[in-house]
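This report concerns only the one structure given below.
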Amino acid sequence: MIVVGEKINTSRKSIEDAVKKLDTKFISKVAREQAEAGANYIDVNAGTFLGQEIECLCWLVETVQSEVDLPLSLDSPNFRALSEAIKCHKGEPMINSISLEKDRFKSLLPIVTSQPCRVVALCIGKTAMPATMEERVEVGSELIQKLTDRGIPLEKIYVDPLVQPISVNTGMGMASLGAINSIMRDFPGVNTICGLSNISFGLPLRHLINRNFLALAISHGLSAAILDPTDKQLMATLLSTEMLLGKDEYCEEFINAYQSGHITG
């Protein structure tokens, strides 16, 4: 399971304030804590700075990669911001995210094909958000076809089924799980990813809901998740689920994480 640390996002007040102040120390601390907790990628998002997103995103890239030796998930629908941020990035980034929306696909395609990268493909159609499992699978399949036709290797595509809150529609959990299962079955070698905490928005005991949904998603084939790796119970759920599904030989990852204090029950 690939873990993308979600915490460096300016929609969080503490991160927005740190970016306004160019507080390198604070951003570095958040990045380091996520890396030490088991993140494979660090997501960076400066989307609340509408007029300054390019400068802020580039500053985040340079600040985070000065602190941790990890690739980043460059998170923006703004092709100009991504185009500049990718120039600052060391190594192969993850680009989050392209979709079938006409303008977005057209503007981001040259970026994701310009150099090696991993691509998050969001299951949003040309004109509408998906409502059902079938719509998610249809959009995801079309995105996979379009991206592979343009030379992006299947294994570098991460299809996001667009997890939506079950507080709005209790069918949203099953719609996402079904889409993950179908896409992973129909396109061997592709990846699936989701923004985990979206599922619990508007509900109490969000951490509990997130943990249970993560276990279900992994069992349906989910291969990556955008989440908080410093949540020790959440990471315990992730590692124990993978272990129970036979994905942790000799239970080493689970045992090592327990002994190092990175997970708790």
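The values are calculated or read from the model by the stated rules, or taken from the named source; none is laboratory data. Given the structure is predicted, the values throughout are model-derived calculations rather than measurements. FYI the Cβ positions are ideal-geometry reconstructions off the backbone, even for glycines, and counts take in every protein chain you see. All accessible areas refer to the heavy atoms of the entire protein, side chains included, with ligands and DNA or RNA removed. Shrake-Rupley method; radii C 1.70, N 1.55, O 1.52, S 1.80 Å.
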Output for Cβ contacts, cut-off 8 Å, separation at least six or different chains, first residue modelled with pLDDT under 95 in segment 249-262, second open to solvent by 80 Å² or more (accessible area, probe 1.4 Å) and part of a loop (DSSP other than H, G, I, E, B), reads none
Out of all the residues in segment 94-132, which are modelled with pLDDT of 95 or more, assigned to a strand (DSSP E or B) and of a type in the set (S, T, N, Q)?
Asn96
Working only within segment 121-130, note down all residues that are open to solvent by 60 Å² or more (accessible area, probe 1.4 Å) and not polar (S, T, N, Q).
Lys126, Met129
Please verify whether segment 141-158 includes one or more residues that are closer than 26 Å to Glu53 by Cα, touching a helix residue (DSSP H, G or I) at 6+ places or on another chain (Cβ under 8 Å), part of a loop (DSSP other than H, G, I, E, B) and of a type outside the set (Asp, Glu).
no
Taking the condition of being surrounded by 15 or more Cβ atoms within 10 Å (Cβ to Cβ), outside any helix (DSSP H, G or I) and of a type outside the set (A, V, I, L, M), how many residues in segment 215-265 meet it?
9
Pairs, please: C-beta under 8 Å, at least 6 apart or cross-chain, first residue aromatic (Phe, Trp, Tyr) and in segment 146-167, second surrounded by fewer than 20 Cβ atoms within 10 Å (Cβ to Cβ)?
Tyr158/Ser223
Checking Glu33 against (1) open to solvent by 50 Å² or more (accessible area, probe 1.4 Å); (2) within 30 Å of Val139 (Cα to Cα); (3) not in a loop (DSSP other than H, G, I, E, B): exactly one of these is not met. Which one?
(2)
Which of the residues that make up segment 145-169 are under 18 Å from the mean Cα position of the chain (by Cα) and acidic (Asp, Glu)?
Glu155, Asp160
Go through the residues of segment 56-64 one by one and say whether even a single one is under 30 Å from Ser240 (Cβ atoms) and in contact (Cβ under 8 Å) with a residue 12 or more places away in the chain.
yes
Just the residues that are open to solvent by less than 50 Å² (accessible area, probe 1.4 Å) and over 20 Å from Arg104 (Cβ atoms), please, taken from segment 154-165.
Leu154, Pro165
Residue count, segment 52-81, condition under 30 Å from Val139 (Cβ atoms), touching a Pro at 6+ places or on another chain (Cβ under 9 Å) and either open to solvent by less than 50 Å² (accessible area, probe 1.4 Å) or outside any helix (DSSP H, G or I) (or both), comes to 5
Return yes or no: is Phe201 crowded, with 18+ Cβ neighbours inside 10 Å, without any contact (Cβ under 8 Å) to a residue 60 or more places away in the chain and among the aromatic types (Phe, Trp, Tyr)?
no
Please enumerate the residues belonging to segment 101-120 that are open to solvent by 10 Å² or more (accessible area, probe 1.4 Å) and either in contact with a strand residue (DSSP E or B) (Cβ under 7 Å, 6 or more places away or on another chain) or under 16 Å from Thr148 (Cα atoms) (or both).
Arg104, Phe105, Lys106, Leu109, Pro110, Ile111, Thr113, Ser114, Gln115, Pro116, Arg118
Given (1) of a type in the set (Asp, Glu); (2) open to solvent by less than 20 Å² (accessible area, probe 1.4 Å); (3) in a helix (DSSP H, G or I), Asp43 misses just (3)
Note on segment 229-256: residues at negative phi and among the small types (Gly, Ala, Ser) are Ala236, Ser240
